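The structure under discussion appears below in the form of structure tokens.
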There are 2 protein chains.
Amino acid sequence: GFYFHYWALFDGHAGSGAAVMAAERLHLHICEQLRDLVDILQDPSPPPICLPNDVKTGVDPNRVSEDDGDVPNDAVPRFHLEKAVSHESLVIGAIENAFKHMDDQIERERGSQHLAGGCCALAAIYLMGKFYVANAGDSRAIIIRNGEIIPMSREFTPETERQRLCCFFPQALLRPELLGKEFTHLEFPRRIQPKELGKKMLYRDQDMNGWAYKKIEEDDLKFPLIYGEGKKARMMATIGVTRGLGDHDLKVFSSNIHIKPFLSCFPEVRVYDLTQYEHCPDDVLVLGTDGLWDVTNDKEVAGVVMEVLTSYEPNDPCRYTMVAQELVVRSRGVLKERGWRLANDKLGSGDDISVFVIPL
Amino acid sequence: GFYFHYWALFDGHAGSGAAVMAAERLHLHICEQLRDLVDILQDPSPPPICLPNDVKTGVDPNRVSEDDGDVPNDAVPRFHLEKAVSHESLVIGAIENAFKHMDDQIERERGSQHLAGGCCALAAIYLMGKFYVANAGDSRAIIIRNGEIIPMSREFTPETERQRLCCFFPQALLRPELLGKEFTHLEFPRRIQPKELGKKMLYRDQDMNGWAYKKIEEDDLKFPLIYGEGKKARMMATIGVTRGLGDHDLKVFSSNIHIKPFLSCFPEVRVYDLTQYEHCPDDVLVLGTDGLWDVTNDKEVAGVVMEVLTSYEPNDPCRYTMVAQELVVRSRGVLKERGWRLANDKLGSGDDISVFVIPL
């Protein structure tokens, strides 16, 4: 077998149930997915495309006997193109499926376990010389190496996932049980007022990146599927993140429209190969929830990392914890007369803030 | 009014009708879309989100009278967020809609005009200090500035558009009139043989970037929606490009399944602001069909550009034409005993090759 190291942040919304369960179980699902791959990942040759028959799988015996000689897969002549699949992409697939199984488990047990709400999930897995950073939601991970910032995730919000959602919307509009008749997939720069009917207004549809003018019709007065910008963008006026675990019972306010079919529980996984670079004790992977990143940008985080690390001995095991604490404290700010303020006098983060600082 | 400059390549397949018509008409559609924007684009203030009522549009008179005072749009109080829309994104929207109208025209007139097949379209529009490069298909544009290569398009093939197609496929599978029951949206590294039923094979579904193993079932023996790699990748075993004009009658071989619903006629538009950089006479925009790029990479193209341009006087108007000719000739190769060969002895391009070299 082999070991993997694992860190993860779960930022809950609308209840803590899903976040708590994911924190207790996601690593077990990752373990389970990787278990079947132990031999394959340790074998330096490329992963076999087809595994030998598993006698326990209860395959139709006629089929088995047809293939009776148990010819090794490699001996079968191949007339077709064959795609090369790397060990790395097997690990990515295992992590993706682990998120899916975690989400399925929350769905199954949410009634009996009273698992309310949903959560963003950001997990870092260190396995065989590589970091796999899996993100579903609006948390964020960066690597700081020799002062350079390397983004290890991107945020999934109604704005960043416009393309995925827009592929889905026109299809969903054909299925009233998914979308009702309350939404329009057209995007306008602002809400339209009923008295603007017949005027020409800027719009774009799912295929467009640019904008054009159209005459406003009755249908355009429906609520837009994606509305608002930046941190205030909401899908179906309900949720600001488009990936994550849980949320199986989430509905559009005062309606029977479920949000879950439009969310994705699948993370984007980015890989960082530690063996490709030399690292010093000041090189770190930083994981943080949106409470951190809303008020502190990549460069400011890198600045705090450098500042705090240089004030401790390189072999002091506390130095990484102190960076994480400092990042939280600075993002929260100080209570002044006009609320919590940062050092630059901007408003501090009112959200919860969780940070991991992991030496590379 | 204003002028725009326009260059475009149309690479036809399955007949020349669509390509010829697009070559004759696309610029007229762009003209028509831009005509309404003349005043707005020349006004330095941001484009109005809502235009004043157009008396000719035949709006319900009750509605019009309700808004009778003809209050300028800016005087209406705004309680909502408003998105900023730039002049640039209006031009992008105009070009996108022009491609759509071009495609609609080919659909309408294909019967009477005998317009066979479809085409990739790559258009470069110079307007008010900016180049807009619009691409739908597998042609390609790059800018070479001071020896640096700046990609101005990306190719749209079953492989590069996996995400868009995969959003669409699961929905389409629910509508038998779109997909029949002949395809699976799961991807396997190679075709599965019937005798492999019950074995475990690598797969990925639309939500995955990684790969995992699954037990092969009957359904997995269906033909994959996307099959093959690189230049040989095909959607539904039929077409190697996923965007373009025409193809309204294209069907999967010996079936009644139409391909068109899966294709997109919308281009991706990239913008290059000429006013942001200093340019010398050797800085160019190169447009080429896949016949060029299949055998000659960006760096080789940049090398030929530099080599040929330096052999002519900087004010010789022929020098850009000579670059284009040289690029075509070198990509075609020389007929030897073992077929058409490039200088490096690799096979020359057997495809048609069209190239524009445009000084910046």
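Listed here are the residues, each with its yes/no results for (1) open to solvent by 40 Å² or more (accessible area, probe 1.4 Å); (2) more than 22 Å from the chain's Cα centre (by Cα); (3) away from every other protein chain (no Cβ under 11 Å).
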position: B:Y213; (1), (2), (3): yes, yes, no
position: B:I216; (1), (2), (3): no, yes, no
position: B:G228; (1), (2), (3): no, no, no
position: B:M235; (1), (2), (3): no, no, yes
position: B:F262; (1), (2), (3): no, no, yes
Take the residues of segment A:283-317 that are touching a residue at least 60 places away in the same chain (Cβ under 8 Å) and assigned to a loop (DSSP other than H, G, I, E, B): which is surrounded by the most Cβ atoms within 10 Å (Cβ to Cβ)? A:T289
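A quick yes/no check of all residues on (1) modelled with pLDDT of 95 or more; (2) in a loop (DSSP other than H, G, I, E, B); (3) aliphatic (A, V, I, L, M):
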{"residue": "B:Y126", "(1), (2), (3)": "yes, no, no"}
{"residue": "B:I149", "(1), (2), (3)": "yes, no, yes"}
{"residue": "B:E155", "(1), (2), (3)": "no, yes, no"}
{"residue": "B:E159", "(1), (2), (3)": "no, yes, no"}
{"residue": "B:R164", "(1), (2), (3)": "no, no, no"}
{"residue": "B:E177", "(1), (2), (3)": "no, no, no"}
Would you confirm, using the coordinates I've provided, whether B:E187 is within 11 Å of chain A (Cβ to nearest Cβ) and at pLDDT below 95? yes
Return yes when B:V38 is open to solvent by 20 Å² or more (accessible area, probe 1.4 Å), over 21 Å from B:D273 (Cβ atoms) and modelled with pLDDT under 95 and no when it is not. no
Any residue that is over 21 Å from B:E155 (Cα atoms) and out of contact with any helix residue (DSSP H, G or I) (no Cβ under 7 Å at 6 or more places or on another chain) - is there at least one of those in segment B:347-359? yes
Check whether at least one residue in segment A:231-245 is farther than 20 Å from A:H185 by Cβ and not basic (K, R), and report yes or no. yes
Scope segment B:133-159; condition touching a residue at least 12 places away in the same chain (Cβ under 8 Å) and open to solvent by 10 Å² or more (accessible area, probe 1.4 Å); matching residues: B:D138, B:R140, B:R145, B:N146, B:G147, B:I149, B:I150, B:P151, B:R154, B:E155, B:T157, B:E159
For segment A:292-312, enumerate the residues that are among the small types (G, A, S) and in contact with a strand residue (DSSP E or B) (Cβ under 8 Å, 6 or more places away or on another chain). A:A302
May I ask you to verify whether A:V269 is surrounded by 18 or more Cβ atoms within 10 Å (Cβ to Cβ), in contact with a strand residue (DSSP E or B) (Cβ under 7 Å, 6 or more places away or on another chain) and part of a loop (DSSP other than H, G, I, E, B)? no
Restricting to segment A:200-211, and then to whatever is open to solvent by 40 Å² or more (accessible area, probe 1.4 Å) and in contact with a Pro (Cβ under 9 Å, 6 or more places away or on another chain), can you tell me which residue is farthest from the other protein chains (Cβ to nearest Cβ)? A:Q206
Filtering segment A:264-291 down to residues that are in contact with a Leu (Cβ under 8 Å, 6 or more places away or on another chain) and of a type in the set (D, E), which residue is farthest from A:C119 (Cα to Cα)? A:D282
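Table: residues versus (1) crowded, with 19+ Cβ neighbours inside 10 Å; (2) modelled with pLDDT of 90 or more; (3) not hydrophobic (A, V, I, L, M, F, W, C).
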{"position": "A:T57", "(1), (2), (3)": "no, no, yes"}
{"position": "A:V64", "(1), (2), (3)": "no, no, no"}
{"position": "A:G69", "(1), (2), (3)": "no, no, yes"}
{"position": "A:I95", "(1), (2), (3)": "yes, yes, no"}
{"position": "A:M102", "(1), (2), (3)": "yes, yes, no"}
{"position": "A:H114", "(1), (2), (3)": "no, no, yes"}
{"position": "A:A121", "(1), (2), (3)": "yes, yes, no"}
From (1) surrounded by fewer than 23 Cβ atoms within 10 Å (Cβ to Cβ); (2) within 14 Å of the chain's Cα centre (by Cα), pick out the condition that doesn't hold for A:G129. (2)
What number of residues within segment B:326-353 are modelled with pLDDT of 90 or more and open to solvent by 50 Å² or more (accessible area, probe 1.4 Å)? 5
Cβ-Cβ under 9 Å, sequence separation 6+ or interchain: first residue in segment B:87-101 and more than 8 Å from chain A (Cβ to nearest Cβ) and within 12 Å of B:H27 (Cβ to Cβ), partner open to solvent by less than 20 Å² (accessible area, probe 1.4 Å) and of a type in the set (V, I, T). Which pairs? B:A98/B:I30; B:F99/B:I30
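The values are calculated or read from the model by the stated rules, or taken from the named source; none is laboratory data. Because the structure is a prediction, the values reported are computed rather than measured. So basically every Cβ, Gly included, is an ideal-geometry build from the backbone, and we count neighbours across all protein chains shown. The area values use the complete protein model at the heavy-atom level, side chains included, leaving out ligands, DNA and RNA. Shrake-Rupley method; radii C 1.70, N 1.55, O 1.52, S 1.80 Å.
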